[in-house]
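Scroll down for the structure; my scribbles are underneath it.
Coordinate-derived values only; no laboratory data. For clarity, every value in this text was computed on a predicted model and none was experimentally measured. Here the Cβ positions follow ideal geometry from the backbone for every residue, glycine too, while neighbour counts run over all protein chains shown.
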Amino acid sequence: NAGVTQTPKFRILKIGQSMTLQCAQDMNHNYMYWYRQDPGMGLKLIYYSVGAGITDKGEVPNGYNVSRSTTEDFPLRLELAAPSQTSVYFCASRGRNYEQYFGPGTRLTVT
Amino acid sequence: LAKTTQPISMDSYEGQEVNITCSHNNIATNDYITWYQQFPSQGPRFIIQGYKTKVTNEVASLFIPADRKSSTLSLPRVSLSDTAVYYCLVGDESTNAGKSTFGDGTTLTVKP
């Protein structure tokens, strides 16, 4: 069981570039989440999904898009990267007892 | 969504019991409460989950009063390795199924 995996681990983007952060889980969980965490701060919910084909906005969705075509994968797309999107991004999935399992994170810098 | 409030930081010494309280005054009937631990440069790790009264597992206890407007994470006999940020999370299963919002967390520093 790999749990929740994220790629890449690190990435540097130039302003205006786009990229996709990958997230996959092998626990057959329906619920998946994307969070961002700025230095010294808590986690902010970007988008979440309650199952394949269903996604919804969290607290800070602007500048991001998601899709959920399968139960396993929940990619996060950044269009037109801005310095304000410099952060650490965590993907998570939720088990039956409401516990969330987090991936190792992607550290993104936009310059 | 239920907003959560936690102390920003707490200090303790090795071997002591630590209690971290989270306030969630507008928790809804179907909401659940979970707690997480986060070390620097890592994703949060689930500790414990509860709905009401007391829950205990091998690492912590969770106390939830009858009105459910707060919850207290209890860590018995902490060690230096328990230095971390602890988050309380109230999950909304009523009006926003699946949506969850983390608070700002409590930084626990355990001293020798």
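Over the range B:4-90, the pair-distance histogram of Cα-Cα distances with 10 Å bins from zero comes to 17, 52, 27, 3 percent, rounded to whole numbers. How far apart, in nm, are two points set 7 Å out from the Cα along the Cα-to-Cβ line at residue A:107 and at residue A:60? For residue A:107 paired with residue A:60, the spin-label model returns 1.8 nm. From the square roots a ≥ b ≥ c of the eigenvalues of the alpha-carbon gyration tensor of the protein assembly as shown, which class results: rounded (a/c under 1.5), prolate (a/b over b/c), or oblate? Cα axes put the protein assembly as shown in the prolate bin. Pairs over the 19 Å Cα-Cα cut-off, from the set B:69/B:111; A:9/B:99; A:57/B:99; A:57/B:69; A:14/A:57: B:69/B:111; A:9/B:99; A:57/B:69; A:14/A:57. Overall, the protein assembly as shown carries a charge dipole of about 300 debye about its Cα centre when +1 sits on the Cβ of Lys and Arg and -1 on the Cβ of Asp and Glu, all other atoms neutral. A crude spin-label estimate for the pair residue B:58 and residue A:22, with each label 7 Å from Cα along the Cβ direction, gives 3.3 nm. The distance separating the Cα centre of the range B:1-79 from that of the range A:51-108 comes to 24 Å.
Taking trypsin sites (Lys or Arg not before Pro) as exposed when DSSP calls them loop and at most 15 other C-beta atoms lie within 10 angstrom, chain A has its longest site-free stretch at A:15-95. As a calculated quantity, the FRET efficiency between residue A:97 and residue B:41 at R0 = 35 Å, using C-beta atoms, amounts to about 0.85.
Compactness check for chain A: Cα Rg over 2.2 N^0.38 Å is 0.99.
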